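First the structure, in the form of structure tokens, and then the observations on it.
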Amino acid sequence: DAEITQSPRHKITETGRQVTLACHQTWNHNNMFWYRQDLGHGLRLIHYSYGVQDTNKGEVSDGYSVSRSNTEDLPLTLESAASSQTSVYFCASSERRDTQYFGPGTRLTVL
Amino acid sequence: AQSVTQLDSHVSVSEGTPVLLRCNYSSSYSPSLFWYVQHPNKGLQLLLKYTSAATLVKGINGFEAEFKKSETSFHLTKPSAHMSDAAEYFCVVSEYNFNKFYFGSGTKLNVKP
């Protein structure tokens, strides 16, 4: 069965360190998204990609970057982690505007 | 601009009574609309979706939603709540020719025994 996975599921890091969160999907979807979820804010879009070599900024992209070298993967990098980036991160994929499929989430704590 | 408004941040019902979670949207084009459910410490699961076919959409676990264009609404209902329905629910809209999704702020459903 097709799926979307995220790793690690939990991560604790220190302020200033670079962190990369992995997202891998086997749906063969062109579209991939990264969201963060915080109490009182719902899900907010960080970055998204419509295909290989395509990346776009979402509403809360400062301090984050992504790259898309193949269809299956969209890693999210925090260049210099800050305490404000403590959150739960969700990756999703979709085909055009059809259903988004979400990964299980990564809980990131920045100390 | 596209937007989604979930009119209630918290809804509390008794087990066995009906559930109504309200969602209004704004969209310039023909939208696709979705409801997702998130149980505590879990990811988001699709409940149902509307993509310009029948306006009454049936989903999993007895949920359904009706697309009302004149009211720009897509309210989620269930005839009889179960304890396992306690979760957070998100209304989401995407638009024709756009590959972006707009989330409501979520409604937390509490089911009392």
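List of remarks:
- Between A:HIS41 and A:SER83, the contour length at 0.36 nm per residue exceeds the Cα-Cα span by 13.5 nm.
- Sequence-distant contacts, meaning Cα pairs under 8 Å at least 6 residues apart, place the relative contact order of chain A at 36 percent.
- Remark: the protein assembly as shown carries a charge dipole of roughly 220 debye about the Cα centre, counting +1 on each Lys and Arg Cβ and -1 on each Asp and Glu Cβ.
- Take the Cα of B:SER84, step 7 Å toward its Cβ, do the same at B:ALA54, and the gap between the two points is 2.3 nm.
- Using a Gaussian network model of chain A in which every pair of alpha carbons under 10 angstrom is joined by a spring, one finds that among A:SER61, A:SER94, A:SER83 the greatest mean-square fluctuation is at A:SER83.
- Cross-link reach list, lysines versus B:LYS68, counting only Cα pairs under 21 Å and skipping chain neighbours closer than eight places: B:LYS49, B:LYS58, B:LYS78
- Average projected area [Cα convex hull, chain A], square nanometres: 6.4 nm²
- Within-11-Å neighbourhood charge of A:LEU45 [Cβ basis; K, R +1; D, E -1]: +3
- Cβ-based net charge around A:LEU108, under 13 Å, with every Lys or Arg adding one and every Asp or Glu removing one: +3
- Spin-label pair A:GLU14-B:LYS108: with each label point 7 Å from Cα along the Cα-Cβ axis, the two points sit 3.5 nm from one another.
- Taking Cβ atoms as reference points and 13 Å as the exclusive limit, the residues near A:GLN25 contribute a net charge of -4, counting Lys and Arg as +1 and Asp and Glu as -1.
Where a number appears in this text, it was derived from the coordinates with a stated rule and is not lab data. These figures come from a predicted structure and were not determined experimentally. Please note: Cβ atoms are built from the backbone with ideal geometry, for glycine as well, and neighbour counts cover all protein chains shown.
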